[in-house]
Amino acid sequence: MMSEVPDRIAFLGPPGTFSHAAVDRFFGHSDVHERLSVANIDDVFLEVEAGNAGFGVVPVENSTEGAVNSTQDCLIDTSLTIVGEIYLPIEHNLLLKDPARLSDVRRIVSHKQSLGQCRLWLRTHYPDMELCEVSSNAEAARLAADDPATAAIAGEVAARFFDLTVVADRIQDRQDNTTRFLVMAREHAALGTEHQVAGVSTGQDKTSILVYTENKPGALFRVLEPFDDFQVSLTRIETRPARDSMWSYVFFVDFEGHMQDDAVKNVFGKLAGRAVKIKNLGSYPRARV
């Protein structure tokens, strides 16, 4: 019999990443839920599917960089259900072990992407500073914790995890950069006292589905038309080639409403005759952006 660990949460590590911050935002900062850091997004799904964790948290899209392809691929194959979502502002901070020694800093380290997202700020404030790329923001924070001459660019959770001081906050060039994360589970479950039970309509819900179609003219229109007919608002649609069938496509569709709603049932009824296959990924409480 498979043993499940409902209070363990798998996330894309190492600790101190924005995925770690998303876990804290959704489940809180307490030690009630054990954190399980894994090496890649596929492993988040595998740990939950195997029952080694009760929940998994994965990034699915970013407001400036678009969809996370690894997560989309896993959603196609997984038997897991989406039970929640988180919108996390991506806020970068300059972190230091000892703020009194700011003048001793000789290098700033961070992930390549974070350095790029803070390019203008760095050019203005530290035009001659050595900038070093590392594997993750959490690794940058670890290096800064070990070396007073090293400053890191990372999020607030990394500062807390590695006991660093924020000497400059929100230094990213764009202030609207946000990543959406999904909370995955093997079945609908109670998510904690601050959350509804996933799978039960709250009146403020979102549903995610996959729609498989043949590659024929008008395929996208035939997918979208039922939502317009029954006044169900789409919040996201992405298209990717289906991996299990040549020349067919899968649409990732998010929309407002719950599978228990009459309008959503009507949409599914009409879609059923237009799609090769429909996969329901789950209905869950809609997060505030």
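One table, with the values for the structure above:
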| read-out | value |
| --- | --- |
| Normalised per residue, the volume of the convex hull around the Cα set of the range 89-133 (Å³) | 85 Å³ |
| Largest to smallest accessible area among THR235, THR17 [probe 1.4 Å] | THR235, THR17 |
| Overall dimensions of the range 2-115 by Cα: Rg and Dmax, Å | 16.4, 55 |
| Value at 222 nm in deg cm²/dmol, rounded to 500, when DSSP H runs of n ≥ 4 in the chain each add -39,500 (n - 2.57) | -7500 deg cm²/dmol |
| The range 132-188: translational diffusion in µm²/s, Stokes-Einstein, Kirkwood Rh over Cα pairs, 20 °C, 1.002 mPa s | 161 µm²/s |
| The range 39-100: proportion of alpha-carbon pairs further apart than 14 angstrom, % | 65 percent |
| Under Karplus coefficients 6.51, -1.76 and 1.60, residue-wise ³J(HN,Hα) of the range 142-156 in Hz, glycine/proline x | 4, 5, 5, 5, 8, 9, x, 8, 10, 10, 10, 9, 6, x, 5 |
| Rounded percent of accessible protein surface that carbon and sulfur make up, the range 99-165, 1.4 Å probe | 50 percent |
| For the range 64-103, the fraction of alpha-carbon pairs in successive 10 Å shells from zero, as % | 18, 31, 21, 18, 12, 1 |
| Share of Cα-Cα pairs in the chain lying beyond 23 Å, as whole percent | 59 percent |
| Relative contact order [Cα under 8 Å, 6+ residues apart], the range 1-137, whole percent | 23 percent |
| For the range 32-175, fraction of C-alpha pairs farther apart than 20 Å, in % | 54 percent |
| Listed residue (ALA158, LEU96, ILE209) projecting farthest to the positive dipole end of the chain, Cβ model | ILE209 |
| Amide proton proximity set for ARG35, modelled H, under 5 Å, gap of 5+ | ILE9 |
| Cα-projected label distance for ARG107 with LYS270, points at 7 Å along beta-carbon direction, nm | 6.0 nm |
| Whole-number percent relative contact order across the range 203-274, with pairs defined as alpha carbons under 8 Å at least 6 apart | 43 percent |
| Ranked packing of 165-172, 179-186, 277-284, 150-157, most packed first, by mean Cβ within 10 Å | 150-157, 179-186, 277-284, 165-172 |
| The chain, relative contact order in percent, only Cα pairs under 8 angstrom and at least six apart counted | 21 percent |
| Computed lengthening from SER63 to MET129, 0.36 nm per intervening residue step minus Cα-Cα distance | 20.8 nm |
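The values are calculated or read from the model by the stated rules, or taken from the named source; none is laboratory data. Remember, it's a predicted structure, so these values are computed and weren't measured experimentally. Neighbour counts are summed over all protein chains in view; Cβ atoms, including those assigned to glycine, are modelled from backbone coordinates with ideal geometry. Side chains are part of the model used for accessible areas, which takes the heavy atoms of the whole protein and leaves out ligands, DNA and RNA. Shrake-Rupley method; radii C 1.70, N 1.55, O 1.52, S 1.80 Å.
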